[in-house]
């Protein structure tokens with residue numbers, strides 16, 4: 001496994017694979033890797049000849065009150081984990097390598113589907129994601145790019161701009177990796193106290209309960225209210241509990257596939273999760 | 001020469017060239033071709049193995065009061081002209097082929113350098129250019145893309161987002177093609193009455209005079225005022241006469257290379273032109 005820190009080095013490392021027209025898989029990350037990330041790499045390994053993982057903590061997707069400076073940087077450990085799952089090239093550029101010295105004047109925005117859910121509290125966040133992911137796509141030029149369904153809204157935003165801009169690659173969404181007790185894996189889980197870690201699986205439990213309710217005929221609004229009540233009773237401060245179509249359009253009732261979304265704080269840690277519920281006309 | 005009207009057809013036509021790693025040159029146009037466009041194709045022919053020209057009247061770069069519907073469509077004549085200068089592939093998609101049936105939610109904006117000159121009167125115009133050019137770049141994936149310096153601000157905007165987004169190609173700016181009397185070639189020249197056509201070269205003459213004044217020590221503001229007066233005296237209604245750095249930053253005096261910009265109406269026809277003036281420290 002090679003690690004490249006410059007665009008030039010990355011291009012040189014990819015050049016033989018491109019010349020041989022190998023299938024290139026790409027997994028963009030911000031590092032601090034866990035099993036969820038590693039499963040993205042394992043998926044890429046299955047489908048592709050060459051697997052590239054980027055590790056870049058992207059300043060422009062952090063808000064002014066978000067903690068860019070203290071985001072965990074664990075490159076050596078990440079490199080070891082990536083080597084173990086068969087990554088070929090790690091691309092770990094500096095901020096200067098990514099954004100250069102001259103001011104960036106270009107922005108990419110995706111309307112409508114970024115307005116609510118996590119977008120409501122993070123103005124500009126998805127613009128920052130769209131810009132950095134587009135830049136990385138242009139540097140790596142992969143055939144396939146892999147993203148986790150845990151950040152479902154991010155995945156939907158990326159699918160949208162890839163389609164709207166005809167970016168020549170296929171986006172693969174990979175199902176959420178969960179701990180044995182159901183908690184969705186996240187870098188943020190490390191911030192939980194032992195006590196809060198024990199409560200955290202209630203999020204997934206409440207989503208599963210709601211899914212069962214929906215398939216047995218409970219109204220969508222009632223199912224969402226049950227999630228809210230369950231989380232509040234368990235000690236969470238609910239940020240949002242929402243249902244959307246798989247393409248993130250608003251839905252009023254369970255008459256099509258829906259995705260249930262939760263964002264809730266326990267202590268100081270904000271956790272998100274989601275669950276898709278298939279609709280079968282009876 | 002092949003003409004392709006679908007993205008799929010374009011991809012199929014380009015596939016052998018890509019497999020053979022040929023150098024691909026791309027000239028995006030809105031059709032209604034004149035010698036200026038043909039010179040772009042000739043430049044591409046010199047540098048590249050395969051030359052692709054797109055002909056697409058892009059609805060999203062027209063404002064609500066601009067005449068998208070009546071923009072001249074002259075595909076057969078354009079095809080003949082392109083065949084004569086050695087174009088390999090014409091890509092002439094429909095609006096539906098380019099934008100599909102589902103709503104486009106993604107926008108690309110370039111700040112600062114789109115605020116004035118032609119941007120001031122055409123809100124959203126350069127966003128529409130950035131989106132369509134990015135889409136076309138992703139469809140063709142050329143090594144080189146050719147744009148005329150006549151639309152200097154457009155060229156600067158394209159250079160900017162290509163750099164900001166790391167789009168893997170080189171943008172080539174091609175000098176303005178002029179009629180024997182100096183008038184910059186433009187689709188719009190066809191709208192001029194014989195009388196106005198006779199006056200139109202005054203734009204370039206006034207730019208040349210200003211360039212001479214600058215190199216012989218006249219203050220920048222005086223040189224710009226001379227252009228304004230000359231054009232007004234000749235019967236133009238001046239939209240703007242401005243000086244900028246080659247990267248479109250504002251300049252106060254002639255102590256670096258500058259580009260002089262003119263937009264002016266004669267009758268109902270708005271003409272633009274520009275001239276770069278090199279600075280040599282004496």
- Message: Here are the criteria: (1) surrounded by fewer than 21 Cβ atoms within 10 Å (Cβ to Cβ); (2) at positive phi. Tell me which single one residue B:117 does not satisfy.
- Response: (1)
- Restrict the check to segment B:204-216 and report whether at least one residue is modelled with pLDDT of 95 or more and outside any helix (DSSP H, G or I). yes
- Does segment A:128-139 contain at least one residue that is surrounded by fewer than 20 Cβ atoms within 10 Å (Cβ to Cβ) and without any contact (Cβ under 8 Å) to a residue 40 or more places away in the chain? yes
- Task: Could you tell me whether segment A:148-158 includes any residue that is farther than 24 Å from residue A:31 by Cα and more than 14 Å from chain B (Cβ to nearest Cβ)?
- Result: no
- Message: Looking for something part of a strand (DSSP E or B) and either within 14 Å of chain B (Cβ to nearest Cβ) or in contact with a helix residue (DSSP H, G or I) (Cβ under 7 Å, 6 or more places away or on another chain) (or both) - is there at least one such residue anywhere in segment A:71-90?
- Response: yes
- Those residues that are more than 9 Å from every other protein chain (Cβ to nearest Cβ) and surrounded by fewer than 20 Cβ atoms within 10 Å (Cβ to Cβ), I need them from segment B:93-114; list them, please. B:94, B:95, B:96, B:97, B:101
- Message: Given the criteria within 30 Å of residue A:104 (Cβ to Cβ) and in contact with a helix residue (DSSP H, G or I) (Cβ under 9 Å, 6 or more places away or on another chain), does residue B:253 qualify?
- Response: yes
- Restricting to segment B:18-37, what's the tally of residues that are free of Cβ contacts under 8 Å to residues at least 60 places away in the same chain and assigned to a helix (DSSP H, G or I)? 1
- Message: Being surrounded by fewer than 20 Cβ atoms within 10 Å (Cβ to Cβ) and within 14 Å of chain B (Cβ to nearest Cβ): is that true of residue A:163 here?
- Response: yes
- Qualifying position, being within 14 Å of another protein chain (Cβ to nearest Cβ), over 16 Å from residue B:28 (Cα atoms) and over 15 Å from the mean Cα position of the chain (by Cα), among B:142, B:168, B:64: B:168
- Query: If the Cβ limit is 6 Å and pairs must be 6+ apart or interchain, which residue in segment B:66-79 that is within 20 Å of residue B:5 (Cα to Cα) pairs with which residue that is assigned to a helix (DSSP H, G or I)?
  - Reply: B:68/B:59
- Residue count, segment A:165-182, condition farther than 18 Å from residue A:42 by Cβ and in the same structural domain as residue A:26 (by TED's automatic domain parsing), comes to 5
- Can you give me the number of residues within segment A:42-61 that are in contact with a strand residue (DSSP E or B) (Cβ under 8 Å, 6 or more places away or on another chain) and touching a residue at least 60 places away in the same chain (Cβ under 8 Å)? 7
- Would you mind stating whether residue B:207 is surrounded by 21 or more Cβ atoms within 10 Å (Cβ to Cβ) and over 25 Å from the mean Cα position of the chain (by Cα)? no
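The values are calculated or read from the model by the stated rules, or taken from the named source; none is laboratory data. Worth saying up front: this structure is predicted, and the values here are computed from it rather than measured. Virtual Cβ from ideal backbone geometry, glycine too; neighbours counted across all protein chains shown.
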